[in-house]
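Notes follow once the structure below has been shown.
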Amino acid sequence: QKEVEQNSGPLSVPEGAIASLNCTYSDRGSQSFFWYRQYSGKSPELIMFIYSNGDKEDGRFTAQLNKASQYVSLLIRDSQPSDSATYLCAGNKLIFGAGTRLAVHP
Amino acid sequence: EAGVAQSPRYKIIEKRQSVAFWCNPISGHATLYWYQQILGQGPKLLIQFQNNGVVDDSQLPKDRFSAERLKGVDSTLKIQPAKLEDSAVYLCASSLQTGGVRKSTDTQYFGPGTRLTVL
């Protein structure tokens, strides 16, 4: 079992919809999680980090962490074509998932 | 604030040759990371430095890869000899500090990467 798992996608959503990206992890010692966005051919850039159970909102993005179930998710509201990218989940032990490719179509 | 700088941006070599990559982290960032990202995969940590000391190099193939950060600032990553499977993007990242929990200062900022092709 990989330590951080993500569905590779692609996840296709229409413009304006909510995109839901999920990540599960196996190490209960992981306490902080980071979501990165990576455009094709570019390096990852941080979107959000979360360490407490529950939700954390920043603009159109909401991160959710459930430590009991060992999953972390990222919701993108009002999805835009510019959100089309690969979204990487990482724990504070520096292990990244393979990423989920999101495609937002007009 | 200047970001993480890396060079070269692209490198093409033949197998069994050697290659070196350079990284300059964000000023004041104590922690520096080298990642290998193979196409279609997430970044894989190769080595992590805290100032000029190694924190984690458990996934560094030490028979062919080496890295140093002599003065606690710039770092170089070397591959000698290169294999076909080393073709990847090599990402350098830095953070203000590490080891803490619930700290935004653990946030890593990535450089543009070096795309290595081994023929």
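Taken together, the values in this text are just the output of simple stated rules run on the coordinates, not laboratory data. Here the structure is a predicted model, which means the values were calculated and not measured. So basically every Cβ, Gly included, is an ideal-geometry build from the backbone, and we count neighbours across all protein chains shown.
Assorted remarks:
- From the list B:97, B:59, B:50, B:80, the lone residue that is out of contact with any Lys or Arg (no Cβ under 9 Å at 6 or more places or on another chain) and surrounded by fewer than 21 Cβ atoms within 10 Å (Cβ to Cβ) is B:50.
- Restricted to segment A:1-67, the set of strands (runs of 3 or more DSSP E) holding at least 1 residues that are within 12 Å of chain B (Cβ to nearest Cβ) and touching a strand residue (DSSP E or B) at 6+ places or on another chain (Cβ under 7 Å) comprises A:4-6, A:19-25, A:33-38, A:45-50, A:54-58, A:61-66.
- Residue within segment B:28-49 that is free of Cβ contacts under 8 Å to residues at least 60 places away in the same chain, farther than 16 Å from residue A:34 by Cβ, at the interface with chain A (Cβ under 10 Å from one of its Cβ atoms) and not aliphatic (A, V, I, L, M) present: yes
- Members of segment A:58-89 found to be of a type in the set (S, T, N, Q) and surrounded by fewer than 17 Cβ atoms within 10 Å (Cβ to Cβ), listed by number: A:66, A:69, A:70, A:80, A:82
- Among the residues examined, residue A:104 qualifies as in a strand (DSSP E or B), touching a residue at least 60 places away in the same chain (Cβ under 8 Å) and away from chain B (no Cβ under 11 Å).
- Selection from segment A:41-56 of residues that are over 13 Å from the mean Cα position of the chain (by Cα) and farther than 23 Å from residue A:26 by Cβ: A:41, A:42, A:43
- Any hit, segment B:107-115, residues being more than 10 Å from chain A (Cβ to nearest Cβ), hydroxyl-bearing (Ser, Thr, Tyr) and surrounded by fewer than 20 Cβ atoms within 10 Å (Cβ to Cβ): no
- Condition check for residue A:74: of a type in the set (A, V, I, L, M, F, W, C), more than 12 Å from chain B (Cβ to nearest Cβ) and in contact (Cβ under 8 Å) with a residue 60 or more places away in the chain: no
- Taking the criterion of being in a loop (DSSP other than H, G, I, E, B) and aliphatic (A, V, I, L, M), the residues of segment A:68-101 that qualify are A:68, A:94, A:95, A:98.
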